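*Asks:* Shown below is the structure under consideration.
The values are calculated or read from the model by the stated rules, or taken from the named source; none is laboratory data. Worth saying up front: this structure is predicted, and the values here are computed from it rather than measured. All Cβ positions, glycine included, derive from the backbone under ideal geometry; neighbour counts span all protein chains shown.
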Amino acid sequence: MIRVLVVDDQELLRRGLRLLLETVNDIEVVDEAANGREALVRVERSRPDVVLADARMPVLDGEGFVAACAEKHPGLPVLVLSTFDDAEVVRAVHAAGAAGFLLKDVSTDTLADGIRAVRSGGLVLDPRVARLVVSPPQDPLSALTAAERSVAERIARGMSNAEIAADLSLAEGTVKNTVSALFRKLEVRDRTALALAVARATR
């Protein structure tokens, strides 16, 4: 039997999770807590195998609880539930050491499977939010305007400000200002670093 501690600041949701998990033969809800600080006390008392915790709670939120739990109870998996599928929350609880992250609208079977998986040492990540944790590197040129990109591409080809101005029918002062803007946006200090950034992004 897998012993589970449910942590959520809304009593209705805690009851709902308990009722759902009571239908699963190999899972037992042994205790509840309304926030992360209370949950740390309940962990000492009830000794759960898995903690099912909300991402956003008062007093001590999901991220803080996961970090504290990892320090005080290493090896105790925390599966985080949330209605928020934004990158900041997902990355924060993941970085803090959560064993998994699921959205609250998952089915009972998916939730039960997630609990079993983290109990066995696995990592569980809802497919809808997995991309937020393991996301491909972004194209640094995507933040540039079309005009800035045109100038950046010509710098990468080794053209001077005067040559770029002539090629694009712009005033040389306009090109100079655009180059300064490119340095800020791409966080580079000189034309060589800018050219390398463009080359990497266009491979």
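*Asks:* I need the full set of residues from region 139-175 which are part of a loop (DSSP other than H, G, I, E, B) and either surrounded by 15 or more Cβ atoms within 10 Å (Cβ to Cβ) or without any contact (Cβ under 8 Å) to a residue 40 or more places away in the chain (or both), in order please.
*Replies:* Step one: list which residues in region 139-175 are part of a loop (DSSP other than H, G, I, E, B), which gives 139, 144-145, 157-160, 169-171.
The answer is 144, 145, 157, 158, 159, 160, 169, 170, 171.
*Asks:* From the list 28, 32, 44, exactly one residue is part of a helix (DSSP H, G or I), in the same structural domain as residue 118 (by TED's automatic domain parsing) and of a type outside the set (Val, Ile, Thr). Which is it? Break it down into steps so the answer makes sense when it comes.
*Replies:* Numbers: 28 fails: part of a helix (DSSP H, G or I); 32 fails: part of a helix (DSSP H, G or I).
Going through 28, 32, 44 in turn, the sole match is 44.
*Asks:* Kindly indicate whether any position in region 7-18 is under 14 Å from residue 119 (Cβ atoms), assigned by TED's automatic domain parsing to the domain that holds residue 69 and at pLDDT 95 or above.
*Replies:* no
*Asks:* Could you check region 156-190 and list, in sequence order, the residues that are at pLDDT 90 or above and among the β-branched types (Val, Ile, Thr)?
*Replies:* Matches in region 156-190: 164, 174, 175, 178, 179.
*Asks:* Hey, among the residues in region 49-100 that are among the β-branched types (Val, Ile, Thr) and modelled with pLDDT of 90 or more, which one's surrounded by the most Cβ atoms within 10 Å (Cβ to Cβ)? Before you say what the answer is, go through the steps one by one.
*Replies:* Residues of region 49-100 among the β-branched types (Val, Ile, Thr): 50-51, 59, 66, 78, 80, 83, 89-90, 93.
Now drop any that are not modelled with pLDDT of 90 or more, which leaves 50-51, 66, 78, 80.
Working: 50: 23, 51: 31, 66: 26, 78: 29, 80: 28.
Applying the filter and picking the extreme gives 51.
*Asks:* Let me ask something additional. Looking only at region 51-103, which residues are more than 14 Å from residue 4 (Cβ to Cβ), part of a strand (DSSP E or B) and touching a Lys or Arg at 6+ places or on another chain (Cβ under 7 Å)?
*Replies:* The answer is 82, 103.
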